[in-house]
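See structure below.
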Amino acid sequence: MERYTRTAIALHWLIALLIVAAFILGLVMTDIPGLTPTKLKYYSWHKWMGITVLALAAGRLLWRLKQQPPAFPRSMSQSQVKAAEAGHWFLYFLMFAVPISGYLYTTAAGVPVVYLGLFKIPSLFEASPALKAILKPVHYWLNMLLAAVVIGHVGAALKHQFIDKDGLLKRMLP
């Protein structure tokens, strides 16, 4: 069976780990009451992970547009293939939408984003309490949607591995 390229595999797993870590950290940091040094540190790390996911997703998308992915197993129905393709493109959309919505929310809150404590990401607009109130739930619900799609993606991969036994998962394993 044809496999993804090493670059695609590395980007897949690195982005996946960062998304899971940023999601968990987002839940933890928002549960910390008050404004503590730990909470501020976690917010910085969360933002850094988001920016990194955005950059890696851009690289992955460019790579994906240049490299044809391996063909799906012939045992997959046309509707399964279309669902898989739609799911992948929706994941790409969310890998951009989630960090961008977080950046916009942070900007609307008037908080600077300093990547790795070294580079200030420019703000596109001034702080806006009204926009902040809109963007906070947008960022939250995009994250919840991403979590649901990731769970579906993992579930589909496990179904192919253990029920269909068609070797699909092996294409993306290191």
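The values are calculated or read from the model by the stated rules, or taken from the named source; none is laboratory data. This structure is a prediction, so every number in the text was calculated from the model and none was measured. Don't worry about glycine lacking a Cβ; one is built from the backbone with ideal geometry, like all the others, and counts go over all protein chains shown. SASA here: full protein model, heavy atoms, side chains in, ligands and nucleic acids out. Shrake-Rupley method; radii C 1.70, N 1.55, O 1.52, S 1.80 Å.
Keeping to region 59-77, report how many residues are in contact (Cβ under 8 Å) with a residue 40 or more places away in the chain and assigned to a helix (DSSP H, G or I).
So the answer is 4.
Criterion first (free of Cβ contacts under 8 Å to residues at least 12 places away in the same chain, out of contact with any Ser or Thr (no Cβ under 8 Å at 6 or more places or on another chain), basic (Lys, Arg) and surrounded by 13 or more Cβ atoms within 10 Å (Cβ to Cβ)) does LYS132 satisfy it?
No; evaluated as a whole, the condition is false for this residue.
Taking the conditions exactly as written (crowded, with 16+ Cβ neighbours inside 10 Å, farther than 16 Å from LEU56 by Cβ and at pLDDT 95 or above), does GLY26 satisfy them or not?
Working: crowded, with 16+ Cβ neighbours inside 10 Å: yes; farther than 16 Å from LEU56 by Cβ: yes; at pLDDT 95 or above: yes.
So GLY26 fits the description; yes.
Give the residues of region 158-174 that are acidic (Asp, Glu), in a helix (DSSP H, G or I) and open to solvent by less than 40 Å² (accessible area, probe 1.4 Å), sorted by residue number.
Selection gives nothing.
Filter region 36-74 for residues that are of a type in the set (Lys, Arg), buried (at least 17 other Cβ atoms within 10 Å of the Cβ) and more than 20 Å from ALA10 (Cα to Cα) and give the result.
Within region 36-74, just LYS47 meets the criteria.
Look through THR38, THR30, THR5, THR52 and report the one residue that is touching a residue at least 60 places away in the same chain (Cβ under 8 Å) and not aliphatic (A, V, I, L, M).
THR5
Run down LEU18, LEU56 and say which single residue is at pLDDT 95 or above, farther than 21 Å from GLY155 by Cβ and in a helix (DSSP H, G or I).
Residue meeting the stated conditions: LEU56.
Conditions (1) free of Cβ contacts under 8 Å to residues at least 40 places away in the same chain; (2) loosely packed, with under 15 Cβ neighbours inside 10 Å; (3) farther than 17 Å from ILE51 by Cβ, marked per residue:
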position	(1), (2), (3)
LEU104	yes, no, no
GLY110	yes, yes, yes
ILE151	yes, yes, yes
ALA156	no, no, yes
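When residues of region 89-98 are filtered for being open to solvent by 60 Å² or more (accessible area, probe 1.4 Å) and within 18 Å of VAL20 (Cα to Cα), how many remain?
2
Of the numbered conditions (1) under 19 Å from the mean Cα position of the chain (by Cα); (2) not in a helix (DSSP H, G or I), PHE125 satisfies every one except a single condition; which is it?
The one condition PHE125 does not meet is (1).
All but one of (1) in contact (Cβ under 8 Å) with a residue 24 or more places away in the chain; (2) among the β-branched types (Val, Ile, Thr); (3) over 15 Å from ALA84 (Cα atoms) hold for ILE163; state the number of the condition that does not hold.
For ILE163, the exception is condition (1).
Given the criteria part of a helix (DSSP H, G or I), without any contact (Cβ under 8 Å) to a residue 24 or more places away in the chain, of a type outside the set (S, T, N, Q) and closer than 19 Å to MET49 by Cα, does TRP89 qualify?
no
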